[in-house]
Amino acid sequence: MDHDLSRRHALATFAAGSTALAGCLDFLSGDGTDDESEDGGGETNGTGSTWPAIDSGEVIDDFEDLDRWGVRNGRLEAAPDEARTGSQAAVVESDERTAGITIGLSDELDLEGWDTSIAVKPESATQIVVEFYAPNRDERLNTVRAVPNGYDGWFRLDCGYEHKPEGEPDLSTVTRLNVIAVGPDDGPTRMLVDDLRRTEAVDNGKAILACYGGHDSHYDIAAELLEERGWAAAVPVDPGRIGGQGRMGIDELHELRDRGWDVCSYPRGESDLTEQPAERQRTVVESTRDSLADRGFEDGSRHFFAPDWRRMTPETHEIVREYHESGFLFGSCTTGAPPTGIHMTPVIWGPALHNGVRRHINLCDQYRQLTVIRIPRIVEGDGGSNSMSIEDFEHLLDHLENRDLDVITPSDIVDGMDDIDRGTGDESGGKPDGTILEAGRSHSFEGDGTDESDAFALDEGIVTAQFTHDGDGTFAVELTPVDGDLPNERLSTTAGVTDGDSMAPVGGGTYRLVVDADGPWSIDLEQPAVHGDDLEEPPIEASGSGSGFVGPLWADDGLALSVTHDGDGAFVVDGYGADGSWEQLVNQRGEFDASRSAGASGVSWIDVEADGNWTLDIGNP
């Protein structure tokens, strides 16, 4: 029996999400190209400030009074010759690997419903970190933005939230901001900053799926799965590679365009674009854009995806801003929506589902930001480091749907769209009455050691399991469909003498239990009815040892969880909806003490698999 935790898919489909942006996302005047000068460093936005300073939103600090700032590491000095707005910028530098400054906000800054951005010039830095204490270090949000290789000029950094290390922050009471440059291992580190400000956030989290290269699998697999949900995507392509081996032809790309996809500029030459002379770069960028526009992709050709997605130079950035309305490259960070630095919008690697992507989606949902996700070639099974399995791609789409993010395109960012009903959630707008799920079937099993049960039937709905195990080793139970394409469901993965409970949503069909054990065991399965009177509402405190679950719960708009675990082994916390939706909240080993947000909307359960004691404090977000 495979002891790996089985991947769970949603067993029912939510109503299709809208591709619309909620509210019009006006193109930000401060990052436009209408008034740019040829040198890329002195253009103004019409009011005397210099790019990448902007006019939108509200100033938090203009770095005119450096006495407001303290030094965490290194030195802080005025830089009048580098002023983006007002009379000076500020330079923070050190002889070590980090240089950082901090500002205490005595009146508490309200960033609830706001995005934060800052003009930066990382002259010697590989990473920029911005920390938001809300209200203190234990309740903070972090921006962690990778600086593109080769970039040492000005750009605008949008402070998307990358980490929520400990507690549950309250953005309405931000008391401190830290701005930190991370440089070479042995230093020195140097960065200039100016024009720190906030702009209004959109009403709902956003995601862009970017199917790099236009592979056949993007048409055969991704387009079909997105069409089922009413979603569109971006497909960055090199015009010279259209119709090449394993890639979409012009007819397929026209069909996707007609479905609302953006066919975007992705100039893949034999040599690195950023290493070519400036005039050659300008020719490549312009001709790639014009070639796509001439083939009928005028909307998508406005958007640039860096061919070496980790590399950018100030010269290349200037050219991209001259010819395109948005630009995308690696940054592994969420961003405000729309980004104020729209030509340096960060992208994350899609197959990293459990190493950043799911967290990005959760944070974008909670804080109404944007994540851009790179989708490589999609393959059956494990295709290696440069591809994504169908299973993982479906998991990604399910998670986007469960968190109710708007899946949009680069043109939506630039053009904006009117708000429309996304068609998800409980239409009645309140806690339901009467019967929610009908009672189903019950079954009992017992055995000794590793075994499989006979086939048995279950109805569509949920199934709960009560089990005992008298042994010192592994006790793992999977619910396996006999026919059809439903996924396996893990009901228990524990060790030692065990009494516990578990639950999972199931589709109607025939199943069997696959049990791995080293002693006597018993399992009772039940499909209980669920009524409106059964629903618990937050706040709820729950605890247990080993396997257990909490629910059914009712939540109008998500849940906030504080979670602890004191065991040494696997600790897995999953959220399930009565409609079959699923999201994994925790999957790690050892002790755990942190906060998580769940996108549950309506009737839901929280299932726990642990080898020690655990607690859940469940509240409203």
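The values are calculated or read from the model by the stated rules, or taken from the named source; none is laboratory data. This one's a predicted model, so the numbers in the text were calculated from it and none came from an experiment. Reconstructed Cβ throughout: ideal geometry from the backbone, glycine too, with neighbour counts over all protein chains shown. Quick note on the areas: whole protein, heavy atoms, side chains included, nothing else; ligands and nucleic acids left out. Shrake-Rupley method; radii C 1.70, N 1.55, O 1.52, S 1.80 Å.
Some observations on this one:
- Environment charge of S94, counting only residues whose C-beta is closer than 14 Å and scoring Lys/Arg +1, Asp/Glu -1: -3
- Around V550: net Lys/Arg minus Asp/Glu count, Cβ-Cβ under 9 Å: -2
- When the charge dipole of the chain is built from unit charges on Cβ atoms (+1 for Lys and Arg, -1 for Asp and Glu) and taken about the Cα centre, the candidate among V92, L105, T345 whose Cα reaches farthest toward its positive end is V92.
- Accessible surface of the range 477-621 [probe 1.4 Å, protein heavy atoms]: carbon and sulfur percent: 41 percent
- Mean projection of the Cα convex hull over all viewing directions, computed for the range 238-302: 4.5 nm².
- Summing charges over neighbours of V347, with a neighbour being any other residue whose Cβ is under 11 Å away from its Cβ, gives +2 when K and R count +1 and D and E count -1.
- Dipole size of the chain about its Cα centre, with +1 on Lys/Arg Cβ and -1 on Asp/Glu Cβ: approximately 1560 debye, rounded to the nearest 20.
- Computed over every Cα-Cα pair of the chain and binned at 20 Å starting from 0, the pair-distance distribution P(r) comes out as 19, 48, 28, 5 percent.
- Scattering from the range 117-225 was approximated by placing one identical point on each alpha carbon and applying the Debye formula without solvent; log10 I(q)/I(0) at 0.10, 0.19, 0.21 1/Å stands at -0.42, -1.01, -1.11.
- For the range 240-265 versus the range 364-399, the spacing of their alpha-carbon centroids is 20 Å.
- Along each principal axis, Cα extent of the range 517-580, largest first, Å: 43, 29, 20
- Oblate is the label for the range 194-235, because a/c, from the alpha-carbon gyration tensor with a ≥ b ≥ c as root eigenvalues, is 1.5 or above and a/b does not exceed b/c.
- Under the span-like rule (Cα at least 15 Å along the axis, Kyte-Doolittle mean at least -1.0), DSSP H helices of the chain: 390-402
- Cα gyration tensor category, rounded, prolate or oblate, for the range 273-347 with a/c compared to 1.5: oblate
- Helical content alone sets the calculated 222 nm signal of the chain at -3500 deg cm²/dmol, taking -39,500 (n - 2.57) per DSSP H segment of four or more residues and averaging over every residue.
- Overall form of the range 490-613 per C-alpha gyration tensor (a/c, 1.5; a/b vs b/c): oblate
- Relative compactness, the range 195-305, computed as alpha-carbon Rg over 2.2 N^0.38 Å: 1.20
- Ordering H354, T334, S117 by Cα displacement along the dipole of the chain toward the positive end leaves S117 in first place; charges were set at the Cβ atoms of Lys, Arg (+1) and Asp, Glu (-1).
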